[in-house]
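A quick write-up on the structure given underneath.
The values are calculated or read from the model by the stated rules, or taken from the named source; none is laboratory data. Quick caveat: nothing in here was measured; it's all calculated off a predicted structure. Because the Cβ atoms are built from the backbone with ideal geometry, glycine has one as well, and the counts that use them run over all protein chains shown. We work out accessible area using only protein heavy atoms, side chains counted, and drop any ligands, DNA or RNA first. Shrake-Rupley method; radii C 1.70, N 1.55, O 1.52, S 1.80 Å.
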Amino acid sequence: MNERFPVADRNQVRQALWRLIKLERSAVAGLLVLYLAAAVVGVAAPVLLGEIVDRVSAGDGGVDVLAGLIVASIAAQLVLVRYSRYVGHRFGERALARMREQFVDRILKLPLSKVERAGTGDLMTRNSLDVSTVGTMLRDAIPEIFISLVNAAIILAAVFYLHPLLGLCVFLMVPTVYAGTRWYLKRARDGYLAEGDANTELTETLAATADGARTLEIHRMESERVAAGAETIRHAYKTRRYTLFLRSILFPSLDGSYPLPIAGMLIVGGVLYFNDAISLGVIVAATMLSRQFVEPFDMVLLWVEKLQLGNASLARVEGVGLVEGNGKARDAEPDGDRLKASDVYYTYDGDRDVLHGVSLDVTPGERLAMVGPSGAGKSTLGRILAGIDAPRSGDIALGGVPVTKLPLERLRGLIMLVTQEHHVFRGTLRDNLALADESATDAKMLGALSVVNADWVNDLPEGLDTELGNDTLELDAAQAQQLALARVVLADPHTVILDEATSMLDPTVARHAESALAAALAGRTVIAIAHRLHTAHDAQRVAVIENGRLVELGSHGELTAAGGSYAALWHSWRGDSKN
Ligand code: ADP
């Protein structure tokens, strides 16, 4: 099971929201003024209508003017509402854009090991579904709730102004609305969080099935995956049904409450009217206003529902910022570039150690090869040396500073891990190389490519401007590897850890590329994890890892002379490669 990213708590969500709103202070102020104006104008129509009723029953004239005023007030309200919506949505869009930028920024700053452990499904769901739900909240929910609250408050004030007793009638709906909403809100956050989790699970399962489709076919595991898919769908369905159930209680309880104030007003108003305490027009105006009141009030509750959804999503989006090591001050400065592992233990599952007390002092500028049987822990040690994973105990120091204390961006500029997995980004060859060094000139880029024997570049019709990753040019594994190595040359870190980084190349090309790379990285520390032993032969020192332990360390000559594990490996590899 993957470790999920954390989820922000209520307080953190509130702070995040507040930060977004604070950045748009003037928009929010403008919004407030526009909405107030729209709400005040909106109250005019019912009040004027009441006036008309009174004048007509008293037999007075001047009704035409009043009717004209009603039309004017409605038109004014339309214009004001339109502009306030416009301002509100602009605010929402800007806040959303800001949040998206921050989210991408945070993802890029995440420690790699956390991303790997959490799985991409979680990040993908948060980045797509959750961000767009928060978008709805910022763009629609918050402005709408705001409009509606202002509107409801003004209408309520108007009813009270007409007659306090009629005003009190509005509160008849409070008990049932309160009970229904309270019941709902108590369950909604957890319900929607569970729904979000189930969505993540669904994305992950379906993506994994799609990714591994070919393997599944070969191993005839289709039915297993179908079952796994069905199970996650069932779970997602269950969580959605639950939130639907919550809504199915909330909405009827609201709709059933709204007629209560009007009924109350008609009764109270009737009694007052027959006691000559109130005019017919006032009752008409008050009941109309009370009907008008329902609309914004309902809106508030409806959007509160969306706000719950948005809140749960924002908690998940903000949670990414809470990952340990993200954005934390890590500001130590290494003294020199000596990389040193001391008594390192590491476990993946918390149960079984895969490294047992490895100590290794890498001399700056040396070429060190790491060899050993598959599963011995070489890649794990490589990742730990690169600061991607932290050891369970013991430490890795760069220039005397533990690598986990170095700012991630700084660390990645100093130590580079190149593995077999390379991503070729959509874009031109130049874009792909510029990732390593934005300011590199064309000559420098072409130079880096030639260092790693990427001769195919010369055959490209558009050279560095050739689009990669689509129909124009699909790089094969070897070419992608060369691209990755060229990036290393451009990035020029002081320590490079190559984890079978040339395994996809033809052996002769690989050896050639390695020595050219070594020449290009002269003076840099190169730690190469290799299964081809010529890499070890060419290195200054060889570290032999077996069962998570460093068992031999010395030059090729020393180790072959010693007649230990390395000597045996070398002889068998030589024997094999001669055949
Ligand atoms: P090598 O690079 O020497 O082949 P690795 O460092 O890849 O060895 O693996 C060392 C041990 O750690 C192996 O037993 C392997 O099964 C285990 N291991 C490697 N990666 C993971 C992982 N992501 N999760 C759990 N165990 C792992």
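For the reader, a short list of remarks on this structure follows.
- When the Cα convex hull of the range 80-182 is projected onto planes of every orientation, the mean area is 9.8 nm².
- For the range 255-319, the orientation-averaged shadow of the C-alpha convex hull comes to 5.3 nm² (one quarter of the hull surface).
- Angle between the chain longest axis and helix 25-58 axis [Cα atoms, degrees, rounded to 10]: 20
- The angle separating the long axis of helix 112-125 from the principal Cα axis of greatest extent in the chain is about 40 degrees.
- Quarter of the Cα convex hull surface for the range 1-92, i.e. its orientation-mean projected area (nm²): 10.1
- Accessible surface, per residue, of the range 452-571 when the full set of protein chains is kept, probe 1.4 Å, Å²: 40
- With distances taken between every two different alpha-carbon atoms, the range 339-574 has a Kirkwood hydrodynamic radius of 18.5 Å.
- Euclidean distance of C-alpha centroids, the range 128-167 and the range 1-66, integer Å: 5
- Note on the chain: with neighbouring protein chains present and a 1.4 Å probe, carbon and sulfur make up 57 percent of its accessible heavy-atom surface.
- Folded to 0 to 90 degrees: helix 142-162 orientation relative to the chain principal axis, Cα: 20
- Rounded accessible area per residue of the range 10-322, 1.4 Å, Å²: 52
- Burial ranking of peptide ranges 153-164, 247-258 (average Cβ count within 10 Å, highest at the top): 153-164, 247-258
- In the chain, one over the average inverse separation of all distinct C-alpha pairs is 29.5 Å, which is the Kirkwood hydrodynamic radius.
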